[in-house]
Every structure is written in structure tokens, then in C-alpha cells.
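The values are calculated or read from the model by the stated rules, or taken from the named source; none is laboratory data. Here the structure is a predicted model, which means the values were calculated and not measured. When we count neighbours, we look across all protein chains shown, and the Cβ atoms used for this are built from the backbone with ideal geometry, even at glycine. Side chains included, ligands, DNA and RNA excluded: accessible areas come from the protein's heavy atoms. Shrake-Rupley method; radii C 1.70, N 1.55, O 1.52, S 1.80 Å.
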Amino acid sequence: MKGTLEVVIGPMYAGKTEELIRRVVRRKIAKQNGVIFKILSDTRNRDPLVVSRAGTHFEAEFVKDASDAKKYINSGLDYVAFDEAQFFGEDLIQVVKEFIDVGTDVIVSGLNLDFRGEVFENVMRIAAMADEIVLLKAVCVVCGKDATLTQRLIFKDGEWVPASSKDPVFKVEGSDVEIKYEPRCKDCWKVGE
Ligand SMILES: [Zn+2]
């Protein structure tokens, strides 16, 4: 039997990791065996744990890229989960297919859109194959409406301003530009020139 594919998408601060952990916890209760993968370049947290903003956590395995997870393909796992899928790149699409083909269920959580409002291709191509998609929303920090977008702000000349659409999608390692993110609705979300 082929594996199933569950995909959790949404902006930052929408509870995607929390939802991934909730799904893994249910599987643990059902005595299933699996692994949560996390990419090493996620600089937010270097502990081998998946930690949600609400503070729940789960042990994860760090991999340097998607193909690094392939060593588990024939190990008979019931499920695998990929947190922050946008960091795994295009290779993740093929890796997800291979797990499904050998009967391992796959859970993927990640951003559907970057701070510019552009699609994360790998995440959305995986979502297109999903048996179930969950689109989570955050709360707009400006007006309180549902937030579907991620606002990037940079600290410039003493104030926080919208990042430029020409800035790199991922924060450059070692860059001294101060960056912060906020969940925002379409009306409050802005991208600089
Ligand atoms: Zn708003």
C-alpha cells in the first residue's frame, strides 16, 4: 500500500510546526514509528528538536538536504515528517514521492509564500500531490484580521521598514542586517521597492 501525504501550509506564526507535532503525537499514540526531519540551515534553532512557537517540542533528525533523508526509505518507517519544508529545496519533491511509493506516510509543513508573496515552488508542488492540505492562518499584528502573509521588516536608519522585493528570500548567513517577521493580512502587508 502506498503512503499518504499530509501538507500543512500557511504564513509564519500560523502554528504549522504545532500542527505537525500534533499529527506526530497522534501517530505515536497509535504506536507508529517515524522520524521528523529538519534542515540544518534553519538557523533559528540548532537543537535536534522541532519546537513550535507555543513551546511544544519533539525530537528531530537534522539533515543537510532532502536526499540525506533517503537513507530511511527502506527502513520500514510508518511515517516521516519534514518541518520547514521551504528550506529543503526542489529535491524534496522526489524524496517525498519515494517515501510514499514504499508505503511510508509523509507529513510536510512549510511556508506556501515567501515574504515577497511569491510561491515556494517545492512546497506547493508537494501540496499539489497531497491527500490532505491544511491551510493555517495567523493573526495580523496590525489590524487583527486573519493573516495569510509573512511581512519581513528590516531595521534601517532607526526604524523598521518593509524589506525590498530584491532582498534574498532567505536571510544571508552572517549578514548584519536586522530582520524581523510579522504575520499580516493582505491589506497591511507591504513589500518595499
Ligand atoms: Zn491587517
Of (1) away from the ligand (no atom under 16 Å from the Cβ); (2) in contact with a strand residue (DSSP E or B) (Cβ under 8 Å, 6 or more places away or on another chain); (3) open to solvent by 50 Å² or more (accessible area, probe 1.4 Å); (4) modelled with pLDDT of 95 or more, Val141 satisfies all except one. Which? (1)
Which numbered condition in (1) more than 16 Å from the ligand (Cβ to nearest atom); (2) surrounded by 17 or more Cβ atoms within 10 Å (Cβ to Cβ); (3) over 17 Å from Gly15 (Cβ atoms) is the only one that Phe115 fails? (1)
Considering the range 78-112 alone, what residues qualify as being among the hydrophobic types (A, V, I, L, M, F, W, C), surrounded by 19 or more Cβ atoms within 10 Å (Cβ to Cβ) and outside any helix (DSSP H, G or I)? Val80, Ala81, Phe82, Val106, Ile107, Val108, Leu111
Just give me the residues in the range 63-74 being assigned to a loop (DSSP other than H, G, I, E, B) and open to solvent by 60 Å² or more (accessible area, probe 1.4 Å), in sequence order. Lys64, Asn74
Counting only residues in the range 106-158 that are among the acidic types (Asp, Glu) and outside the structural domain of Val169 (by TED's automatic domain parsing), the one farthest from Val24 (Cα to Cα) is identified as Glu118
Every residue from the range 144-187 that is near the ligand (Cβ under 10 Å from one of its atoms), open to solvent by less than 90 Å² (accessible area, probe 1.4 Å) and either of a type in the set (Lys, Arg) or without any contact (Cβ under 8 Å) to a residue 12 or more places away in the chain (or both): Gly144, Arg184
Conditions: (1) modelled with pLDDT under 95; (2) in contact with a strand residue (DSSP E or B) (Cβ under 6 Å, 6 or more places away or on another chain). Ile107 meets all but one. Number of the miss? (1)
